[in-house]
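Novice: Sending over a structure as structure tokens; questions will come in a sec.
The values are calculated or read from the model by the stated rules, or taken from the named source; none is laboratory data. Not measured: the values here are computed from a predicted model. Heads up, the Cβs are rebuilt from the backbone with ideal geometry, glycines too, and the neighbour counts pull from every protein chain shown.
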Amino acid sequence: MEQFDVIIVGGGPAGLQCARELSKSSMHILLLEKQEGFGDKLCAGGLTTKAMEVLALPDHIIEQKILRTSIHSRRRDAGTVTSVPALFTVDRRVLGKYQRSLLEGTEVEVRTNSKVIEIRDNTVVLKDGESFGFKYLVGADGYSSIVRRHLGLKMKKKLIGFQYTIPVQVEYPALEIYMDARRFSVWYAWIFPHGDSIAVGCCCDPRRVDPQKIKSGFLDWLKDRKLDPGDARLESYPIAYDYRGVKFGNVFLVGEAAGLASGLTGEGIYQSLVSGQEVANMIIDPMHKAEKLDQVLKYNHILERVMAAFRWSGPLRGMLQEFLLILMNNEWLRKKINAQFASKS
Ligand SMILES: Cc1cc2nc3c(=O)[nH]c(=O)nc-3n(C[C@H](O)[C@H](O)[C@H](O)COP(=O)(O)OP(=O)(O)OC[C@H]3O[C@@H](n4cnc5c(N)ncnc54)[C@H](O)[C@@H]3O)c2cc1C
């Protein structure tokens with residue numbers, strides 16, 4: 001049986017970023033991906049400036065650089081136009097292919113069509129019966145992580161994301177966010193513009209609200225918004241936000257396998273990239289101080305507190321959302337937001 005220093009299970013943003021960082025060491029590394037390719041994952045493909053700082057994507061990978069954002073509540077509309085992009089959209093398959101390409105010419109061995117079905121005695125076993133030994137194991141295998149299950153950690157906190165990918169003839173101009181407490185509770189519906197399509201979706205926590213109710217609210221909202229999904233299929237997938245740590249002896253969890261997405265926004269790519277990178281550095285140097293991971297945890301904590309404030313506001317939630325929109329329409333605040341993005345460019 002072949003032995004590796006590190007085996008990474010999963011080739012999403014977290015696993016590929018982890019492999020990229022580990023490739024700088026002299027370790028013998030294997031990345032196992034169950035699918036034939038990379039990036040086939042339900043996602044709105046939105047990247048914040050923070051995620052872009054980690055990825056440093058070349059322009060041809062980016063579908064849209066978003067300068068215009070419009071935010072809506074039941075009664076009000078607000079918008080910002082920033083001088084530098086506030087968000088970027090990518091096609092997840094293109095991103096996956098790009099991240100994979102960065103491993104070419106390195107010593108990292110990458111195997112696709114390689115589903116891990118068992119982990120025992122520092123060994124992973126694939127569906128076809130082949131097995132490999134490891135010194136360190138990294139679970140980068142997303143929401144339904146087999147590595148996390150091997151550690152006996154349940155994934156209790158999750159969102160359910162619903163999304164249509166609707167083709168458009170003309171490039172859609174703005175990112176749109178819709179807050180409507182009656183339909184989406186503390187969460188929101190989104191329209192993320194891509195090159196020749198828009199990702200239209202919403203999410204909710206099934207422990208807090210009935211997902212069927214949110215789904216029917218979402219379908220009603222689509223009609224009000226006069227968006228016809230045509231032949232597009234409504235897809236859904238969980239988003240994990242049940243974080244319990246990244247290091248468990250010689251086994252590590254990164255990205256959504258570690259429950260590192262946001263329970264408010266559903267954002268997870270940035271957290272996956274940073275955790276993948278930080279865990280690689282922890283493996284290379286056990287004394288490594290994972291400061292960027294601490295920042296991610298702080299960022300998620302702030303978003304959780306915003307979510308808690310919305311939750312506790314109960315029937316006043318709608319009023320709170322209206323108040324937010326009033327603030328957003330304040331000229332001074334808008335200038336501040338713009339300056340914030342401009343200073344990052
Ligand atoms: C509707 C929706 C919209 C979203 N929109 C955004 C957004 O706009 N921006 C954002 O930042 N985040 C978004 N997210 C969240 C984002 O998609 C995830 O947080 C992100 O993909 C997590 O990356 P990851 O690498 O941890 O896991 P994943 O991307 O899930 O990758 C895991 C990989 O592991 C592989 N794998 C799984 N099990 C095995 C196994 N047993 N053996 C081998 N391989 C295995 C899978 O095939 C997959 O390639 C959205 C999620 C949803 C559901």
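Novice: Give, as residue ranges, the helices (runs of 4 or more DSSP H) completely inside the range 253-345 that count at least 1 residues that are modelled with pLDDT under 90, assigned by TED's automatic domain parsing to the domain that holds Leu22 and not basic (Lys, Arg).
Specialist: 291-312
Novice: Right, here's the next one. Would you call Arg183 without any contact (Cβ under 8 Å) to a residue 12 or more places away in the chain and not in a loop (DSSP other than H, G, I, E, B)?
Specialist: No, not satisfied.
Novice: Which of the residues spanning the range 31-49 are within 10 Å of the ligand (Cβ to nearest atom) and not in a loop (DSSP other than H, G, I, E, B)?
Specialist: Leu31, Leu32, Gly46, Leu47, Thr48
Novice: Is at least one residue of the range 117-128 more than 20 Å from Lys34 (Cβ to Cβ) and touching a Lys or Arg at 6+ places or on another chain (Cβ under 6 Å)?
Specialist: No, because not a single residue in the range 117-128 is more than 20 Å from Lys34 (Cβ to Cβ) and touching a Lys or Arg at 6+ places or on another chain (Cβ under 6 Å).
Novice: Cβ contacts < 8 Å: first residue in the same structural domain as Val147 (by TED's automatic domain parsing), restricted to the range 11-26; second residue modelled with pLDDT under 95 and more than 8 Å from the ligand (Cβ to nearest atom), any location; separation 6+ or different chain. Result?
Specialist: Gln17/Val54; Ser23/Glu107; Ser26/Glu107
Novice: Right, here's the next one. Could you check, for the range 202-216, whether at least one of its residues is closer than 18 Å to Leu47 by Cα, among the acidic types (Asp, Glu) and assigned to a loop (DSSP other than H, G, I, E, B)?
Specialist: Taking every residue of the range 202-216 in turn, none turns out to be closer than 18 Å to Leu47 by Cα, among the acidic types (Asp, Glu) and assigned to a loop (DSSP other than H, G, I, E, B).
Novice: Here are the criteria: (1) in contact with a Phe, Trp or Tyr (Cβ under 9 Å, 6 or more places away or on another chain); (2) on the phi < 0 side of the Ramachandran plot; (3) crowded, with 23+ Cβ neighbours inside 10 Å. Tell me which single one Ser272 does not satisfy.
Specialist: Unmet condition: (1).
Novice: Still on this structure: Could you list all residues from the range 131-167 that are among the charged types (D, E, K, R) and either under 16 Å from the mean Cα position of the chain (by Cα) or away from the ligand (no atom under 13 Å from the Cβ) (or both)?
Specialist: Listed by number, the residues that qualify are Lys135, Asp141, Lys154, Lys156, Lys157, Lys158.
Novice: Of the residues Ala44, Ala78, which single one is small (Gly, Ala, Ser) and under 17 Å from the mean Cα position of the chain (by Cα)?
Specialist: From the options Ala44, Ala78, the qualifying one is Ala44.
Novice: Which one is farthest from Ala309 (Cα to Cα), of the residues in the range 168-190 that are surrounded by 20 or more Cβ atoms within 10 Å (Cβ to Cβ) and within 14 Å of the ligand (Cβ to nearest atom)?
Specialist: Taking the candidates together, the pick is Leu175.
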